[in-house]
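Taking it in order: structure first as structure tokens, then the write-up.
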Amino acid sequence: MKLVHLSDLHLGKRVNEFSMIEDQKYILLQIINILDEIRPDGVIIAGDVYDKSVPSEDAVRLWDGFLSMLADRKLQVYAISGNHDSAVRFAQNSRIIDMAGIHLSPAYDGKVSHFTCADEYSDKCGDVNIYMLPFVKPANVRAFYPDEEITDYTDAVRIALTHLSCRKDVEVDTAAAEENSDISGNTATNTSIDSTKRNILIAHQFVTGAERCESEEITIGGLDNVDASIFDDFDYVALGHIHGPQFVKRETIRYSGTPLKYSFSEKDHHKSVTVVTVKEKGDIEIEKIPLTPKRDLRQIKGTYEELTDKKNYESTNTEDYIQAILTDEEDIPDAISKLRFIYPNLMKLSYDNKRTRENRIVEGASDVERKSPVELFEEFYEKQNNQEMSKEQKELVKDLIEGIWN
Ligand SMILES: [Mn+2]
């Protein structure tokens, strides 16, 4: 079976105060086009669908539209909530839309639900199990298993993965399953993972060793990592949470990454969707299909003159989200608004020059009594800007100070 792995859509996100909604709409349509081309059996979305626990109306509309398009295509969708989503709001109406093949993880209720899917290898290897674990903190798991020793995230996920339930077993007698079903829709099975079967896990956690970037939420203390060894029974782990596409420990414990760049620390990322082909037990093929955004997020660097020289920008997309780094030694007055005539989506402006390169600590001056106000100012200027004042600047300061003193 073929599955497309996505994560961290962060619908409704603003980057440096710029709304990403149009870019997100564009990239979701591109993903739909990819799905139409490769025709997978299912789509995995590994958490952080929304950017906020109470998402904007635009974000809700976008998610609703995307799910409808997936359902129209009769695709099975397996989506879990991430740390940015409200697990409860995310799961709203989930048992109803389940019937349309859209499977949203319920808020963690002490059981990891899973689906059993038949494919062309089922006769030989049994069905594929797809386990869905929404983002959990140690406290979430501890609440259901107070007698277990859960001191960190690794314990939490490990314990969670030993309490499973089958939410809807497509291939098994559904009437029997319903009989055992409790109010949450879970059938009360409590089995451990059968490592002889083909097992896929969808999770939203920080696996030890993954490379982080700025648009992720950093936990104070940084003790939110999970050891990859607890995933040994899974043939493929579809991860969300880390925004750069990468695998950890083995190729089949993988972050798909965000579909768009959400910070300048991601300027060199190549965003993609991950296509996972599950063959016989232990045989997983992975392919990445690149995504091309409506507007890239990139950095330009040079003097003001260089950045505003037409021959330097005419062959580029000036609508891109830009971080400009000016290398002029002197600040350009009102540079942001001037540069925005050329680069309307300029997000950030900074200087790379003598002043910014070295951050000297500006301490109190010495021999204050014996120095003139102009001398003291010159000293201060030099310490702050890592360079001497120019002749014109000195003249100006002299005039100003004389004016004040008189
Ligand atoms: Mn995220």
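Quick note: the coordinates plus some simple rules give every number you see, no bench work behind them. Computed from a predicted structure; not experimentally measured. Neighbour counts run over all protein chains shown; Cβ positions are idealised from the backbone, glycine included.
GNM on the chain, alpha-carbon springs under 10 angstrom: the most fluctuating residue among Gly302, Gly364, Gly47 is Gly364.
For the pair Gln387 and Asn16 in one chain, pulling the backbone fully straight at 0.36 nm per residue adds 130.5 nm over the alpha carbon distance. For the chain, a Gaussian network of Cα nodes joined below 10 Å ranks Pro40, Pro146, Pro55 by mean-square fluctuation, and the top entry is Pro146.
Loop-resident trypsin sites (Lys or Arg not before Pro) (DSSP state other than H, G, I, E or B) in the stretch 327-361 with no more than 14 further Cβ atoms inside 10 Å of their Cβ: Arg360. Kirkwood-type hydrodynamic radius, the stretch 1-150: 16.5 Å, calculated from all non-identical alpha-carbon pairs. With q set to 0.12, 0.16 Å⁻¹, the log10 of I(q)/I(0) for the stretch 249-406, from the Debye formula over equal scatterers at the Cα positions, is -0.76, -0.99.
Once the Cα atoms are used to define both axes, helix 21-38 deviates from the longest principal axis of the chain by about 40 degrees.
Our estimate of slack between Ser337 and Lys279, defined as 0.36 nm per intervening residue step minus the Cα-Cα distance, is 15.4 nm. Normalised by the number of residues in the chain, the mean separation of alpha-carbon contacts (under 8 Å, six or more apart) gives a relative contact order of 13 percent. Hydrodynamic radius of the stretch 297-357 by the Kirkwood approach over all distinct alpha-carbon pairs: 11.6 Å. Springs between Cα atoms under 10 Å define the GNM used for the chain, and in it the highest mean-square fluctuation of Leu376, Leu70, Leu29 occurs at Leu376. Placing a pseudo-label 7 Å from each Cα along the Cα-to-Cβ vector at Val88 and Lys249 gives an inter-label distance of 3.3 nm. Bridges between two residues of the chain, per DSSP, are antiparallel at a rate of about 35%.
Computed from the alpha carbon atoms alone, the convex hull of the stretch 2-290 holds 127 Å³ per residue. Listed by chain and number, the lysines whose alpha-carbon sits under 29 Å from that of Lys398, ignoring those within fewer than 8 places in the same chain, are Lys354, Lys371, Lys383.
Largest first and in whole Å, the equivalent-ellipsoid semi-axes of the stretch 245-297 read 26, 12, 6, each the square root of five times a Cα gyration tensor eigenvalue. Remark: for residue pairs Lys74/Lys124; Lys137/Lys294; Lys2/Lys25; Lys261/Lys281; Lys137/Lys279; Lys311/Lys394, the C-alpha separation exceeds 29 Å in Lys137/Lys294; Lys261/Lys281; Lys137/Lys279; Lys311/Lys394.
Principal axis extents of the Cα atoms in the stretch 92-150, from largest to smallest and rounded to whole angstrom, are 41, 30, 14. For the charge dipole of the chain, defined by +1 on Lys and Arg C-beta atoms and -1 on Asp and Glu C-beta atoms about the Cα centroid, which residue among Phe234, Asn129, Leu70 has the Cα displaced farthest towards the positive pole? So the residue furthest toward the plus end is Leu70.
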